[in-house]
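The values are calculated or read from the model by the stated rules, or taken from the named source; none is laboratory data. What you see is a predicted model, and the numbers here were worked out from it, not measured in a lab. Glycine also receives a Cβ, built like all others from the backbone with ideal geometry; neighbour counts cover every protein chain displayed.
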Amino acid sequence: MRRIIGALVQFRNPVLYFVLLGLSLLFLNGRSHFHQYYLEKYSLYFSQSFYNISSDIVNYFRLKKINDKLLKENKILKSFQLKSNGISLYPNAIKAKKRFSFKVIDANVIKNSYLNQRNILIIDKGHEDGITSEMGVISDQGIIGVVKSVSKNYSSVISILNQDLKINVRLKNSSAFGSLSWKGTNPNDFQIDDVVINSSIIKEDTIITGGMSSFFPLGIPLGKISNYEPNTKSGYYKINASLFEDPSQVYYVYVIENYDIEEIKKLKKDILK
Amino acid sequence: MNSNIITLIISFFIIVLVQVFLFNNMFIFGFINPMIYLLFLVVYRFDDNQTLFILLSFVLGFCIDFLSQSGGAHTIASLTIGFVRPLLVKYSFGVTSESPSTFQNDLRKRNKYLFLVLLILIHHLLYFIIVYFNWNATYLILKNTILTSLFSLILIALISRFYKKLNDT
């Protein structure tokens, strides 16, 4: 303290000068609108650069919160998107007022395997959050899998990287139906079976979900055809496809709940009787 | 010493009043408004209290600003002169054993005029910069600084001679 006072006494002239200079600047600012305008302009310029730095730092710490908010927003948008996908593909959809029976629940992936032949994922939502088995799981750019078993807070999902899972798909521009499955090697190599040879196929056509399974609504884009060749012996095409998104690198997913699944199941049973 | 303070106070008030009521109404060639209140900053004793001097120069500028309804340009300019005056004294009179204690006491004319010119130029430049406060007005600032400095210099030189005689008697 004594040192501070000593320093103040020693440098009293500069200190006094700058204090009075500050005072007179205030005085100038208060009395002249012209100077006020310019001083504000300069102070804005300086404060802006400081604010930029500080907002960068603050934003960094707010990222998690923002992420959560965006995820929530995405969830809502995703359900709209699914709905509109379906409507746009049904020619008479608007007239018929087709009801949309799917609901979207967001979830985080907490374990993701992709090295086995039959891979599963674990997500952090369980039956407390309204998840039951046999629900479809999608990400923002494609399909991830189907829910297999559910515990209180977690569920396991059969990954699309599982040779047992076959997904009903169709092609966007040719309306040919088929089923998509993993080849079992590269997480990006898929094949589409059961496409009849008399349907026309365009190269690089987009693959969308077919809407015939009760897991996924119609029209979720999955990937594109990389190449194809007709297999004349069996009467089916042999199509290789790749996905838009690498399923091994997915962290946020949306679980799709189908309200009508019980109804559909019941109908299926009735047919089998 | 006592009479010195009285002279200081009286000259302070006289200078302020003369500046505000006489020279602020004087427009040579329509725009030159000589500032003779710098005289106070010139004649203040060189060896007197520097801190008090800064304070006084602030108060002087403030009074001029206040009475002539200008912004704060006089305050900032004269405050700065108050702060840098020791440097100007050192530069123009040199650091010798015979450095003067007051402006009037020194007999070296060249040094005196150098001191005056520097002081007035710095003050006026700062003053006009603050008044115009705009890069586009550089020409106006320089023109006003040089012409006004010329007239201020003449007037201050004249009056300081008169001041000297007054002090002597």
Review point. For the range B:43-54, what are the residues that are in contact with a Gly (Cβ under 6 Å, 6 or more places away or on another chain) and either more than 8 Å from chain A (Cβ to nearest Cβ) or under 14 Å from B:VAL20 (Cβ atoms) (or both)?
Key: B:PHE53
**Study point:** Matching residues, the range A:3-56, being of a type in the set (Lys, Arg) and either under 16 Å from B:GLY82 (Cβ atoms) or surrounded by 11 or more Cβ atoms within 10 Å (Cβ to Cβ) (or both)
**Key:** A:ARG12, A:ARG31
Point to revise | Which listed residue is under 20 Å from B:SER152 (Cα atoms) and without any contact (Cβ under 8 Å) to a residue 40 or more places away in the chain, from B:PHE93, B:PHE103, B:PHE27 | key: B:PHE27
Check your understanding: Are there any pairs, at least 6 apart or on different chains, whose C-beta atoms fall under 6 Å, with the first in the range A:12-29 and more than 7 Å from chain B (Cβ to nearest Cβ) and the second buried (at least 16 other Cβ atoms within 10 Å of the Cβ), and if so, which?
Key -> A:ASN29/A:LEU39
Point to revise | Candidates B:SER68, B:SER57, B:SER149, filtered to the one that is within 22 Å of A:LEU39 (Cβ to Cβ), of a type in the set (Ser, Thr, Tyr) and either buried (at least 17 other Cβ atoms within 10 Å of the Cβ) or within 14 Å of chain A (Cβ to nearest Cβ) (or both) | key: B:SER68
Check your understanding: Taking A:SER49 and the conditions (1) at pLDDT 80 or above; (2) within 14 Å of another protein chain (Cβ to nearest Cβ), which numbered condition does it fall short on, given that it satisfies the others?
Key -> (2)
Study note, to complete from the structure: Within the range B:30-58, of all residues that are assigned to a helix (DSSP H, G or I) and touching a residue at least 60 places away in the same chain (Cβ under 8 Å), the one farthest from B:THR145 (Cα to Cα) is B:VAL43
